[in-house]
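Right, one structure below, let's go through it.
The values are calculated or read from the model by the stated rules, or taken from the named source; none is laboratory data. Quick caveat: nothing in here was measured; it's all calculated off a predicted structure. Virtual Cβ from ideal backbone geometry, glycine too; neighbours counted across all protein chains shown.
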Amino acid sequence: MSTVDWTAWRAQAAEPGAEGLREQKKRRLRQCLSDTATEMFLERGFDAVRVSEIAQACGVSEKTVFNHFPTKESLILDRGEATMAALRVGLAEPDRSPVEAALRILSDELHAMTSWIATQDDPVHAAAKIRRFGALTRSAPSLRAYHRDLTDRLVTVAAEALAQRTRTSPDDPEPQIAATALLGLWSIQFQSLGRHLDGARTPTEIHEAVTADVRRAARLIDTGLASFEGAAPTR
């Protein structure tokens, strides 16, 4: 089966030069599984495709698929771990505000996507495929539930990092609401992409339009998060 390299923008892979042969083999198989699953889901719908069919298309066992992806949903919603890692590192940087750190991560993710579109033979078709991918992730109750769970885990990671910055507890209201607000920027970027991946804009124009929307939202929460960092918790 011929597939699009979806993982080029959905996840951040290690640099090939930093990998051993075994790691390269595992990464390539993981990419094959995710890309093949994505193509099959787009063609037939998420619920209509069995994991055993994905395994067969890639020439591996169903058990091998689950060795790389714990659930069927994670075959396409696989960017969460990379975002979690980026949040842990970015929010720990003392010289960068939480909003600046979130904007940097979002910009990197957006750049990966728009750069991928620009390298495709037909950028308009590539943008349309990403729109279809977005619709796919909202198409099944299990995918929506998986996405909500992933968002909750991202909020937990962000709250822990923010609490460490302010020497509070991750369960305190301040880091909890601050983390929730920060993760809301991902929803803004997703919604903005849905509007601007219209086939009329170039990859550069898409990047600029989406970035502008995200920064508008970020300005609304920047003041509150700045006051959060300077405030001592009351007991």
For residue 193, only one of the following conditions fails: (1) at pLDDT 95 or above; (2) closer than 24 Å to residue 42 by Cα; (3) crowded, with 19+ Cβ neighbours inside 10 Å. What is its number? (1)
Options 165, 132, 138: the member that is in contact with a helix residue (DSSP H, G or I) (Cβ under 8 Å, 6 or more places away or on another chain), free of Cβ contacts under 8 Å to residues at least 12 places away in the same chain and not assigned by TED's automatic domain parsing to the domain that holds residue 45: 138
Can you pull out the residues in region 53-80 that are within 22 Å of residue 144 (Cα to Cα) and without any contact (Cβ under 8 Å) to a residue 60 or more places away in the chain? 54, 65, 66, 68, 69, 70, 75
Determine whether region 220-233 contains at least one residue that is over 18 Å from residue 119 (Cα atoms), loosely packed, with under 13 Cβ neighbours inside 10 Å and at pLDDT 95 or above. no
